[in-house]
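**Student:** Structure in structure tokens, see below.
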DNA sequence: CGAAGCTGCGCG
DNA sequence: AAAGCGCGCAGCTTCG
């Protein structure tokens, strides 16, 4: 029963009225006398009392007593308690009070049921009220759900949220349950400076953070529905004074230091002909106004409607303060398309989603709500679920009553403003204000990129579609022609369908095996059966067609472009991500490169691409300032060739045919590339000697020898890697030259990779931003690659303007090595030709 | 019937 | 071809 709510996470405890037909208030009144755990006769200490001082600033709330606790009669005195205790600061150890959500041990350590939890609630609430803690450290999901109605400890841990427990308000710090830490340990730490796993390190920092926050912890504020709805008003366009109300309000709002802004629309994207902004809302201190725009119930005359849009446009372009939006990219895309592109960089725009991302980069972690959603952040900062205040169907707002939409719109705008201030304080406290500013300027740049769109020639798409269908049919026919398929028809009475994995499994007698993994095994099992090759080929074609061709037929917008959504808050490393469709993973080297033929320059234009050469190796040099690596990059010295030679010296058998074979330049190139991919890059990215030996296919001792020599040569890189590991141990996060943070838990290799990806992204996005501001607007960004469509006749002018920007990175730290950019040009994205390699230290000379 | 999880594979 | 990490999507299964 409990588990149902718990797993789905749909209802807060306050909203659960009955359990198994019994009113929750009845359970509360009955307390222990109604608890099913009374019938567990094997328990030594039922109804366990809390441990610690009766008045405590910090209160630890666990799930339920375990075996050891039951034997000794006190909460958290078993292995979990010890695991926790190791992380409690010494000076606090005797000042903490410990309790469980359920005070009697459930049999076999099962999770307590929700009836058991509710029977116990009054006593636990009473104890917390009496203890009056400023901080509750909640262990695990059960405690989290008990106190907040939220589930998903993985996304809540490491944060804090205000909670009300009975008549008491305080801060709740969710942490993973120590029993989970015990399970994931690779070894038992001997002291507080050791961590048995990446998770335990994160756990230790969570606990530490809860204690260290006490001196500066503000009063918890928990918003009520009444508060959320107060001072929110609206106009529908039906009233006489509506237009002047909008006008005078927006005039005041334009002078305010902060204004929350929110749009409601009838579609997700602004490109279709019938896409409309339904309503808009603006919030300033003490006042929020929502107004109808193009909602079907709007009462404006055509002239008044245009006047409202004009007033809104004026406000957006002239507001003197900060315009606060949650998911600014969404708002700006609509504003750019419906009101004008100049709006994207007008005045000061703020994004509360970007703030949240900088404060904690985790997102999309299973359970709803998403940690970057307004819903989640409202709970985190104000203890209120803003979305639950209305029951609108958000996918069809034009069909919902206008006044309901306006109320909802106004409340959202209000919370955009409140959230901006709350998060800005946290950014300032954490020293992250500058990183937020750095992230913020990406938003208009990426919006303009997605508005620009990828030019697609649909006739090519249709041609490819037909070609793929024909080729798939051909492969299918080849499969049908095999004995195997004929046997299938004979046995099952229906023709074999290569599209059906089920058919493939039946064909091979694997019908009982129900998993996708089995399909790979199934094809492999075909051995050299004549069906194998066409079947494999069929699958490849089907995959390429469905991923890179068919979507265009569904997703093309009326302007002949593909407008994927580019997100700047989706990755854990500051990279961008593109979706609907993903335009960052179109085949380039693999067999299906031809799908790129769909991207075609308009007549008189050309596609121009710039690729940052070796950018990640340069990032390692920037991070580590290793003199040998830095020097090599200035001198254009071939590190990979050098290490190829060293491998050969140590282990001549590595080269097929012996070292003499290297006399052939093609062989040398092959082994140089192997040295690059199997030794140099793995080492720079944190691989161990043994792993590298495995990649190279040489004995372990050779790998270890190479690793010693490599780190002898690149001592600075090694020191840098170790300083990053140390940073995570000390601070609980890793950051690089951009100061962007990736938080624990974080694996060893992720620690090295995160700063590299963040720096890489910073360099490319910074260039992209500066290009965008002078009308050199890319339509694609693929991590180390920017792609443009420019007029062919002005090739030289555009290229030199762009190179001047790309070859002079803004960041001082990026200039310790030269920047290298490789250009390619073509009439479409398939037939791109190399068109030069440019280095910052020689260009223009 | 939708949400969520898994696997493989395209790109950097 | 092959590192390590970072993504999104197709196609499937499971779960409630």
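**Student:** With the cut-off at 1.5 for a/c, could you classify segment A:307-417 from its C-alpha gyration tensor as rounded, prolate or oblate?
**Tutor:** oblate
**Student:** While we're on this one: State, to one decimal in nm, how far the label point of residue A:557 lies from the label point of residue A:467, with both points 7 Å from Cα in the Cβ direction.
**Tutor:** 2.7 nm
**Student:** On to the next question. Please report, largest first and rounded to whole Å, the three semi-axes of the ellipsoid equivalent to segment A:206-332, where each semi-axis is the square root of five times an eigenvalue of the C-alpha gyration tensor.
**Tutor:** 33, 18, 15
**Student:** Let me ask something else about it. First measure r as the distance between the Cβ atoms of residue A:55 and residue A:395, then evaluate 1/(1 + (r/R0)^6) with R0 = 56 Å and state the FRET efficiency to the nearest 0.05.
**Tutor:** Once rounded, the FRET efficiency stands at 0.65.
**Student:** Expressed as a whole number of Å, what is the distance separating the alpha-carbon centroids of segment A:792-815 and segment A:413-471?
**Tutor:** So the separation of the two Cα centres works out to 23 Å.
**Student:** Same structure again: Would you mind calculating the gained length between residue A:437 and residue A:370 on full extension (0.36 nm times residue separation, minus the Cα-Cα distance), in nm to one decimal?
**Tutor:** Additional length available on full extension: 21.8 nm.
**Student:** Another question, then. How large is the Kirkwood hydrodynamic radius of segment A:361-511, in angstrom, based on all distinct alpha carbon pairs?
**Tutor:** Every distinct Cα pair counted, the radius reaches 21.9 Å.
**Student:** Please list the three semi-axes, largest first and in whole Å, of the ellipsoid equivalent to segment A:288-338, using sqrt of 5 times the eigenvalues of its alpha carbon gyration tensor.
**Tutor:** With the √(5λ) rule applied to segment A:288-338, the semi-axes are 21, 13, 11 Å.
**Student:** Under a no-solvent Debye model with one identical scatterer per Cα of segment A:51-107, what's log10 I(q)/I(0) at q = 0.17 Å⁻¹?
**Tutor:** Taking Cα atoms of segment A:51-107 as identical point scatterers yields -0.51.
**Student:** Okay, moving on. What FRET efficiency, computed as 1/(1 + (r/R0)^6) with R0 = 56 Å and r the Cβ-Cβ distance, is obtained for residue A:187 and residue A:645, rounded to the nearest 0.05?
**Tutor:** 0.90
**Student:** A further question on this structure: If I model a spin label as a point 7 Å beyond the Cα along the Cα-Cβ vector, how far apart are those points for residue A:47 and residue A:688 in nm?
**Tutor:** Once both label points are built, they end up 5.5 nm from each other.
**Student:** Want the number for residue A:667 to residue A:268: 0.36 nm per residue separation, take away the alpha-carbon distance, what's left?
**Tutor:** Gain on extension, residue A:667 to residue A:268, equals 138.3 nm.
**Student:** What's the Cα-based Rg to Rh of segment A:103-212, Rh via Kirkwood?
**Tutor:** Result: Rg/Rh = 0.99.
**Student:** When the Cα centres of segment A:201-269 and segment A:46-108 are compared, how far apart do they sit, in Å?
**Tutor:** About 39 Å separates the Cα centre of segment A:201-269 from the one of segment A:46-108.
**Student:** Let me ask something additional. Suppose we look only past 19 Å in the calculated P(r) of segment A:594-652. What percent of the Cα-Cα pairs does that tail hold?
**Tutor:** The answer is 57 percent, as a whole percent.
**Student:** Work out how much length residue A:341 to residue A:301 would gain on full extension: take 0.36 nm times their residue separation and subtract the Cα-Cα distance, in nm to one decimal.
**Tutor:** Residue separation times 0.36 nm, minus the Cα-Cα distance, leaves 11.8 nm.
**Student:** Highest first, please rank the peptides A:827-839, A:768-780, A:145-157 by the mean number of other Cβ atoms sitting within 10 Å of their residues.
**Tutor:** Put in order of decreasing packing, that is A:145-157, A:768-780, A:827-839.
**Student:** From a point 7 Å beyond the Cα of residue A:792 in the direction of its Cβ, which residues of segment A:572-613 have a backbone N at a distance under 15 Å?
**Tutor:** Answer for segment A:572-613: A:600-608.
**Student:** First measure r as the distance between the Cβ atoms of residue A:425 and residue A:816, then evaluate 1/(1 + (r/R0)^6) with R0 = 41 Å and state the FRET efficiency to the nearest 0.05.
**Tutor:** FRET efficiency, residue A:425 to residue A:816: 0.70.
**Student:** Moving on to the next point. Would you please put A:207-217, A:674-684 in order of how densely packed they are, using the mean number of other Cβ atoms within 10 angstrom per residue and starting with the highest?
**Tutor:** Sorting A:207-217, A:674-684 by mean packing, highest first, produces A:674-684, A:207-217.
**Student:** What are the principal axis extents of the Cα atoms in segment A:12-121, in Å, biggest first?
**Tutor:** 47, 31, 20
**Student:** Among rounded, prolate and oblate, which fits segment A:27-85 when a ≥ b ≥ c are the square roots of the eigenvalues of its C-alpha gyration tensor, a/c under 1.5 means rounded, and a/b larger than b/c means prolate?
**Tutor:** In terms of gyration-tensor shape, oblate.
**Student:** Quick one: check the C-alpha center-to-center distance for segment A:671-685 versus segment A:531-605, whole angstrom.
**Tutor:** For segment A:671-685 versus segment A:531-605, the Cα centre distance is 30 Å.
**Student:** Any chance you could list the semi-axes, whole Å, largest first, of the equivalent ellipsoid that the Cα gyration tensor gives for segment A:131-178, using √(5λ)?
**Tutor:** Semi-axis lengths for segment A:131-178 are 17, 10, 9 Å.
**Student:** Classify segment A:529-637 from the C-alpha gyration tensor, please: rounded if a/c falls under 1.5, else prolate or oblate depending on whether a/b exceeds b/c.
**Tutor:** Cα axes put segment A:529-637 in the prolate bin.
**Student:** Give me the one-decimal Kirkwood hydrodynamic radius in Å for chain A, with the sum taken over alpha-carbon pairs.
**Tutor:** Roughly 31.1 Å, rounded to one decimal.
Laboratory data are not the source of any read-out in this text; all were calculated from the coordinates shown. A quick note: this is a predicted structure, and the numbers were derived from the prediction, not measured. A quick note on method: Cβ atoms are made from the backbone with ideal geometry, for glycine too, and the neighbour counts reach across all protein chains shown.
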